[in-house]
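Supplied in structure tokens, the structure appears directly below.
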Amino acid sequence: MQQEDIPPYFTEIESKGITANKFAFYTLRSVPSMSGGNPERNPLNQGVFVLGGGDEGDAADLYSGDTFLSVDVVDDAWYNTNLRAVQVGGSHPVSVPPLPTQYATSMISNSIIDSGTNSLAVSKHVLSAILDGLNKANPLFVQLIEKAVQSRQGITASALKLSEWPNISFTLAGEKGEDVVLTCSPQTYWQVDAPAAGQAMFQINDMGGVQSILGLPLLNNYFTVFDRSIDSYGAIRFAPIKPPSN
């Protein structure tokens with residue numbers, strides 16, 4: 001049969017002026033928290049999707065501050081971005097290589113920001129930099145990660161002492177070429193009470209190549225607006241998330 005391309009629902013209603021050309025996410029988890037006995041009622045497992053807005057004060061109860069960080073989108077195939085560096089805690093940032101030219105047609109850039117990925121699925125170079133930084137901070141950190149990766153059931157959450165783990169920051173190119181630093185907390189790159197209550201899952205893994213997908217563990221720290229209205233590809237805006245009131 002003859003194939004016919006059908007425009008996505010959001011694209012269709014935006015093009016007809018029904019809604020603005022942007023949408024936003026408020027998320028707290030990358031995998032469900034199994035604490036409390038009823039995951040569907042757990043407020044940590046709830047989120048908000050804002051269709052047609054997000055950064056003009058209409059969702060101010062979901063984020064803190066008045067200023068958004070703005071990351072440039074270099075292509076809207078997968079919300080492609082340019083990742084410049086990764087940093088563990090207060091250590092020196094490690095530069096991230098640009099995408100090799102032989103992958104330019106298929107992958108476009110060295111990173112993607114994706115709300116549909118429940119981990120930080122990073123390139124080999126980025127993962128190596130993260131593990132090296134964590135090992136320098138405390139060799140026990142890498143031992144716990146290796147144990148968690150080997151176990152499908154996660155590890156005992158109480159063994160982590162997450163208050164001692166460093167933040168992991170990613171530097172991306174902004175709309176004007178400036179550096180934009182986004183920070184992922186240990187409370188989101190580890191997911192406590194998953195896959196079962198009292199356990200913990202490590203949510204950074206090897207993408208197995210040269211591109212990094214920055215998914216929900218990073219977005220869990222921010223109210224995230226995908227603004228497609230400013231130019232052909234748009235920008236992604238980030239403001240610190242407000243935790244739930246209960």
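The values are calculated or read from the model by the stated rules, or taken from the named source; none is laboratory data. Values in this document were obtained by computation on a predicted structure and should not be read as measured data. Neighbour counts are summed over all protein chains in view; Cβ atoms, including those assigned to glycine, are modelled from backbone coordinates with ideal geometry.
Could you list, in sequence order, all residues of the range 189-205 that are assigned to a strand (DSSP E or B) and under 14 Å from residue 167 (Cβ atoms)?
Once the filter is applied, which keeps residues that are assigned to a strand (DSSP E or B) and under 14 Å from residue 167 (Cβ atoms), the range 189-205 yields 190, 204.
Go through the residues of the range 171-188 one by one and say whether even a single one is surrounded by fewer than 20 Cβ atoms within 10 Å (Cβ to Cβ), assigned to a strand (DSSP E or B), of a type outside the set (A, V, I, L, M) and touching a helix residue (DSSP H, G or I) at 6+ places or on another chain (Cβ under 6 Å).
no
Further question on the same structure: Considering only residues that are farther than 22 Å from residue 47 by Cβ and not polar (S, T, N, Q), which ones fall in the range 61-72?
Within the range 61-72, 66, 72 meet the criteria.
What tally of residues in the range 198-246 results from selecting those that are within 30 Å of residue 156 (Cβ to Cβ), under 11 Å from the mean Cα position of the chain (by Cα) and among the β-branched types (Val, Ile, Thr)?
Matching residues across the range 198-246 total 2.
Can you work out which of the residues in the range 62-88 that are charged (D, E, K, R) and modelled with pLDDT of 90 or more is surrounded by the fewest Cβ atoms within 10 Å (Cβ to Cβ)?
75
Another one. Can you tell me how many residues within the range 1-30 are in contact with a Ser or Thr (Cβ under 9 Å, 6 or more places away or on another chain) and of a type in the set (A, V, I, L, M)?
4
Give me the pairs: first residue in the range 32-43 and over 11 Å from residue 196 (Cβ atoms) and hydroxyl-bearing (Ser, Thr, Tyr), second residue at pLDDT below 90 and assigned to a loop (DSSP other than H, G, I, E, B), beta-carbon distance under 7 Å, and six or more apart or on different chains, which are they?
Qualifying pairs under 7 Å: none.
Give the residue that is modelled with the lowest pLDDT, with candidates limited to residues of the range 229-246 that are surrounded by 11 or more Cβ atoms within 10 Å (Cβ to Cβ) and within 13 Å of residue 72 (Cβ to Cβ).
Across the range 229-246, the extreme among qualifying residues is 231.
Which one of these is surrounded by 12 or more Cβ atoms within 10 Å (Cβ to Cβ), at pLDDT below 90 and in contact with a strand residue (DSSP E or B) (Cβ under 8 Å, 6 or more places away or on another chain): 53, 36?
53 is the lone residue from the list that is surrounded by 12 or more Cβ atoms within 10 Å (Cβ to Cβ), at pLDDT below 90 and in contact with a strand residue (DSSP E or B) (Cβ under 8 Å, 6 or more places away or on another chain).
Another question, then. If I ask for residues that are over 21 Å from residue 184 (Cβ atoms) and under 18 Å from the mean Cα position of the chain (by Cα), which ones from the range 23-48 would you list?
Matches in the range 23-48: 23 only.
Which pairs have Cβ atoms under 8 Å, sit 6 or more apart or on different chains, and link a residue in the range 173-194 that is closer than 15 Å to residue 29 by Cα to one that is among the acidic types (Asp, Glu) and modelled with pLDDT of 95 or more?
Within 8 Å, no pair qualifies.
Follow-up. Scan the range 9-24 and tell me whether some residue there is modelled with pLDDT of 90 or more, within 30 Å of residue 153 (Cβ to Cβ) and touching a strand residue (DSSP E or B) at 6+ places or on another chain (Cβ under 8 Å).
no
Now a separate question. Which of the helices (runs of 4 or more DSSP H) contained wholly in the range 88-168 include at least 1 residues that are of a type in the set (Phe, Trp, Tyr)?
Output list reads 139-150.
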